[in-house]
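Asker: Take this structure first; my questions come after.
The numbers here are math on the coordinates, done by the rules we state, and not lab data. The structure presented is a predicted model; accordingly, all values stated were derived computationally and were not measured. When we count neighbours, we look across all protein chains shown, and the Cβ atoms used for this are built from the backbone with ideal geometry, even at glycine.
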Amino acid sequence: MTTTLDRPAASSAAITKPRPTFRQRLNVFDVKASPYLYIAPFFILFALVGLFPLGYTFVVSLFDWHLLKGQGEFVGLQNFREVLQDRFFWNSLFNTMSIFLLSTIPQLVVAITIAAVLDQNLRARTFWRMSILLPYIVTPVAVAMIFANMFGEQYGLINNILGAVGIDPVLWMNETLPSHIAIATMVNWRWTGYNALILLAAMQAVPRDVYEAAAIDGARPLRRFFSITLPSIRPTMIFVVITATIGGLQIFTEPKLFDPRTAGGTARQFQTTVLYLWEMAFQRQNFGKAATIAWLLFIIIILFGILNWLISRRIATSGDSRNGGGPARRRRRKRSATPAVVLPAVGPQPPAPAADQPPEPPVETAGRPAGTTPRRGT
Amino acid sequence: MKISRLKKITALAGAASLAVVASGCGGANAEPAGADNPITLTVTTFGQFGYDDLYAEYEEQNPGVTIEANNVDGSANARTDAFTKLAAGSGLSDVVAVEEGWLGSIMEVSDQFVDLNEHGAADIKDNWVDWKFEQGTDPEGRVIGYGTDIGPQALCFNGDLFEAAGLPTDREEVAELFGGDDATWETYFDLGRQYNEATGKAWYDQSSFVWNSMVNQMDEGYYTADGELNIEGNEKMRAQFDLLAAGTADGLSANQKQFDWGNGKAFVDGSFAVHVCPAWMLGTIQEQLESAGGGPETGWDVADVFPGGASNWGGAFLSVPATSERPAEAAALAAWLTAPEQQVKQSAAANNFPSTLEAQAEIVETAKPNELFNDAPYGEIFASRAEGVIAQFKGPDDSVIQENVFAPALKMLDNGTGTADEAWDEAVTLLNDLVVNN
């Protein structure tokens, strides 16, 4: 508005550089600012429900804060000191890690296997694919209740079956390792199918001609799986591992409902960190320490995230790390589109089997190409 | 599993701060409810409360009042629900049921509840047995809860199993067997050993219920009357603990999971022969038997006797949180629901025992014998068991001590993984870690 006063000056300037019209300025504004406006809703929401609570939790963790009585004295990092010396906190971390390892590793192995099977030319393909996703649809509460029932020590189905074949009942709830196995079973049951589908999608993106070429060169199915399939789905594997890690470190529902009367077993046999946080907040009513545990868990998850990222970067660049970071990264993105990455791995192979067993390749390539490497319509 | 609990807990903290802003907008609405000024009252109860028909009746008698009822599945979850909402500063119903076990925590923040004296508590004070009314009164004399039911304890026993072990089965003879008015825990455990010798089976389901009963009947439990912790160096408590430990070591505990019992199968398959029964436990057992497909033929019965004398376990209160926008109407509803007439109906619907004198007297007269428990004269037995019950001071961490301190120690005994000394030491260690140095 004030510029109207300077009109003469402005109009003289317009001779050298024409004053942009309102439309033009709007256009510039549109190009420069609109993208930020488009993404703003997410970031505003994130700040409200993510960032603010995160910061507020940290504030709470610095106080003596009773669940019902509210804010007490400022204690600085005292809560962190005490939680880090708390044997139950370390116990809960151990349990979390143990359940995490017991669930993630078998889960990935089985999920990859299932995905590989589903990647074959099966009849009623959609039926099988949907079937493995079924456990994921069932609410975790129902899963936990059914499994807690099955793993019951005196009346559970599993101990009944074990008893029928003369094996002593396993104390699924009172002993640490069995309880971890039982909980890991629930997690695996629920997530294996989901991960298998994601891995299957990745496997389907691997061009079939690579398989055909390998088959012609004499690579047998197992070899093709390890040398073509696995390296090609590496980025997806990393995604699955990261989500499994974050989920695994935050596991709550399954151990809570495995024995709903307690916070993770009578003697904390399967008390995970989040469950300990819950006990601290709602049973012991120490909100300050609960916030501390939340923050420590947050830090641990971040550390795991960084570790994951480092490892995955190593894996992803291992093929061409000598070429330097920048270009390698760009190339990596291309990899998902083209199978260039698998070629170095496949490259050295064909000569070996061909040299070892000359009569084999013809049989392989003649008998199976159509069956093993079909091109999917999807 | 993938939901961020961290976010939840932080959101909760955030909600607490927002609530400070929100509570400024509340304020009681002075205009009385009526057909032309309809209001909605929310009520949160837990477990088996037997209020459904009463809500309908109240709505009929008070045009314009709509009751929105919410029932949480058990006392422990009701506690979490209430604590969360108290911490958040919003979300509590107009009328909230509070269990005796966590009343101590609520008393710590009694100023967050409406003083029912402002709504005529003094006029109906004499309805209740003294100690129940006192329990609902905070140290400053504010009444924050009207008593609903109480949990006088009798002894449930399984007649069929008693018969098989050569013990008497008539409920009066059984009461005599345990020592009648002078029944002691020593006799209880000796009979258990006798039973165990005859049948090889366990006597009670698990140790912690027996322990709760023992502690509840002491003059001072986990806390002294002054609110000091009363566990370490408490010789009387330790003696009871040793008594229980010795019994469990002799195989008298069936090591069942409490409130689970294999979905009730343990009540049907003869795993144990006696059970400590506060009045509300009959409702719990009924539920268990139903889920396991058992009925009166399972042989359960209840005797007018309890080892160590009168004992009370549990019972609830109806409170009106300060956040209620309709405190007057909510208090009126709470008073109506806990009035003798309604308590009689509640008792019939939910199998619990009323806390008002008039209702107790009426139950003795009119309550139907309990078919499931061999036609036991329910009202008579529990009225007799309610005599001599004293109110024990419940401290702020009573439920933590019961569930997180003693339950693990007693489980050691049940599992046979520790001696009496080891289990007691474990309890003391846990007490120091979880309560003293919390």
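Asker: Compare B:255, B:415, B:351 in a GNM of chain B, Cα atoms joined below 10 Å, and give the one with the largest fluctuation.
Answerer: Top of the fluctuation ranking is B:415.
Asker: If neighbour count is taken as other Cβ atoms inside 10 Å, put B:193, A:87, B:142 in order from fewest to most. Provide the component values of the computation, followed by the final result.
Answerer: Working: B:193 15, A:87 10, B:142 18.
Ordered from fewest to most neighbouring Cβ atoms within 10 Å, B:193, A:87, B:142 come out as A:87, B:193, B:142.
Asker: Relative to the Cα centre, what is the charge dipole magnitude of segment A:101-245, using +1 at the beta carbon of each Lys and Arg, -1 at the beta carbon of each Asp and Glu, and rounding to the nearest 20 debye? Provide the component values of the computation, followed by the final result.
Answerer: Details: 9 positive and 7 negative charges, 104 e Å.
So the magnitude is around 500 debye.
Asker: Right, something else. For a footprinting-style exposure proxy, rank B:125, A:17 by other Cβ within 10 Å, fewest first.
Answerer: Ordered by Cβ neighbours within 10 Å, fewest first: A:17, B:125.
Asker: Let me ask you something else. Which three extents, in whole angstrom, do the alpha-carbon atoms of the protein assembly as shown cover along their principal axes, largest first?
Answerer: Sorted from largest, the Cα extents of the protein assembly as shown read 97, 93, 51 Å.
Asker: Given the options B:127, B:312, B:70, state which has the largest fluctuation in a GNM of chain B using a 10 Å cut-off (strictly under) for Cα springs.
Answerer: B:70
Asker: What is the spin-label model distance, in nm, from residue A:40 to residue A:167 if the labels are put 7 Å beyond Cα along the C-beta direction?
Answerer: A separation of 6.2 nm, rounded to one decimal place.
Asker: Percent antiparallel among DSSP beta bridges with both residues in the protein assembly as shown, to the nearest 5?
Answerer: Numbers: 29 of 40 bridges.
Just about 70 percent of them are antiparallel.
Asker: Now a separate question. How high is the relative contact order of segment B:295-438? Use alpha-carbon pairs under 8 Å, at least six apart in sequence, and give a whole percent.
Answerer: It comes to 23 percent, rounded to a whole number.
Asker: Which value in deg cm²/dmol, rounded to the nearest 500, describes the helix-derived mean residue ellipticity at 222 nm for chain B, given -39,500 (n - 2.57) per DSSP H run of n ≥ 4 and division by the residue count?
Answerer: Value at 222 nm, helices only: -13000 deg cm²/dmol.
Asker: I need B:277, B:156 ordered by Cβ neighbour count within 10 Å, fewest first.
Answerer: If I rank by nearby Cβ atoms, fewest first, I get B:156, B:277.
Asker: Past the 32 Å Cα-Cα mark, which pairs from A:69/B:132; B:201/B:236; B:132/B:201; A:256/B:125; B:132/B:368?
Answerer: Working: A:69/B:132 25 Å; B:201/B:236 29 Å; B:132/B:201 38 Å; A:256/B:125 41 Å; B:132/B:368 25 Å.
With Cα atoms farther than 32 Å apart: B:132/B:201; A:256/B:125.
Asker: Which of B:103, B:333, B:177 ends up with the largest GNM mean-square fluctuation for chain B, with Cα atoms connected below 10 Å?
Answerer: Top of the fluctuation ranking is B:177.
Asker: Give the long-range amide H neighbours of residue B:113: residues separated by 5 or more places, or on another chain, with amide H under 5 Å away, using H modelled in the peptide plane at 1.01 Å from N.
Answerer: Counting only residues 5 or more places away or on other chains, the set is B:322.
Asker: Considering Cα pairs under 8 angstrom that are at least six residues apart, work out the relative contact order of chain B and quote it in whole percent.
Answerer: 25
Asker: Would you please give the residues with an amide H less than 5 Å from that of residue A:65, counting only those at least 5 places away or on a separate chain, with H modeled from the backbone geometry?
Answerer: Residues meeting the criterion, in which the H sits 1.01 Å from N, are A:72, A:287, A:288, A:289.
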